[in-house]
Each structure stands twice: as C-alpha cells, then as structure tokens.
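I have placed the structure first, in the form of structure tokens, so that the comments after it can refer back to it.
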Amino acid sequence: MQAEEGRYRALSEFVARRYRVSQDVAFDLVSHAHTVGRQLQLDPLLIIAVIAVESRFNPIAESRAGAKGLMQIIPKYHGDKLEEFGGEQAVFEPSANIHVGARILKEYLRRTGNLGIALQMYAGALSDSEDQYTRKVLDERYRLHQVLAPSRRPSAPPATVRAASTTPVSYPNVLPSALD
C-alpha cells in the first residue's frame with residue numbers, strides 16, 4: 001500500500017506541475033484512475049493519459065461537439081453508462097466520468113483488439129490516417145511511465161500505431177494484455 005501511495009504521489013506531482021492543478025486534486029484523480037484501471041483491467045497510465053489529452057485535467061471541460069468532463073464523454077452517446085451514476089449530470093462528477101470513460105475505452109479495445117484503433121474510435125477520429133490522437137495519448141503515457149521509472153528506459157511509443165488496414169496489429173507494450 002505504501003508503494004502504491006508513493007507511485008500516486010509521484011504521478012500527482014507531475015500532473016499538478018504539468019497541468020497546473022492542485023496536487024490534492026491530482027492525487028485524487030490519479031488514485032481513482034488506478035482504482036478504475038484495476039477494476040476494468042485497463043492500464044491506469046492510459047486512463048490518466050487520456051484525461052490529460054482530452055481535458056488537461058479540467059473536470060468541467062466542454063467541447064463544441066458536446067463532449068464533457070475529464071475524459072470528454074458525449075452524454076447523448078453514453079447516457080446508458082451514466083445512468084448508474086445518476087444520469088447525464090454525472091458527466092461532470094470526476095469519479096463517474098473516469099469510470100464511464102474507461103469503460104468506453106475498454107469496450108473499444110475489446111471490439112477492435114487494437115489500442116491505436118480503439119483510441120482513434122474514442123476520439124471520433126477513425127478517419128485520421130496519421131493517428132494523431134493516438135500518438136498524443138501514447139506520448140503522454142510514455143511521459144507518465146518515465147515519472148515512475150526514470151532510470152529504466154522503456155521502449156519508445158511505436159512509430160506506427162496501426163496498419164493501413166483495420167486488421168489488429170501487435171505492438172509492444174500497447175495491446176490490452178500488456179496494459180497492466
């Protein structure tokens with residue numbers, strides 16, 4: 001438990017500095033992302049990276065497309081998932097937003113078997129052949145990983161995120177089985 005708290009502290013210090021949020025708030029969000037990640041068997045650093053790219057840790061962020069909250073969930077598409085948290089207004093409640101956003105991402109991973117495509121689906125950017133969104137998320141995940149293991153040099157994010165076709169392709173350290 002003490003090791004986990006140290007991990008959360010290191011990540012929350014990084015998040016607080018990088019995204020200019022309170023360290024207490026960052027700690028709560030990092031802790032919750034880890035809890036949800038364990039529940040869904042989804043990499044918590046991936047969840048945190050999606051939050052960073054989607055909202056820069058602003059829990060009341062809203063896009064012109066109607067995406068809301070930390071993980072930029074569009075209630076009209078995911079109202080059923082928000083119901084268990086009290087309905088659409090729960091989209092601005094950080095723990096509900098993280099849980100629902102992670103469930104959506106996990107569903108896309110299960111459907112596609114490919115992290116790059118799942119992330120592009122999450123962003124509504126399947127037509128982006130350069131996978132810009134996926135690259136942003138994986139780059140942020142890499143930075144977060146470096147916070148936890150600065151002396152160990154993991155391999156860099158993959159240069160090619162998905163193949164030209166939509167056939168699932170194996171990428172080191174990014175497929176769902178390797179996200180723990």
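The values are calculated or read from the model by the stated rules, or taken from the named source; none is laboratory data. Model, not experiment: these values are computed from the prediction. Protein only, heavy atoms only, side chains kept; ligands, DNA and RNA dropped before computing areas. Shrake-Rupley method; radii C 1.70, N 1.55, O 1.52, S 1.80 Å.
Descriptive notes on the structure:
- log₁₀ of I(q)/I(0) at q = 0.20, 0.23, 0.25 Å⁻¹ - the range 69-127, Debye sum with one point per alpha carbon: -0.69, -0.86, -0.96
- Accessible area in the full protein assembly, largest first, 1.4 Å probe, for Asp131, Asp28: Asp28, Asp131
- For Ile73, the residues 5 or more places off, or on other chains, whose built amide H falls under 5 Å of its own are Lys68.
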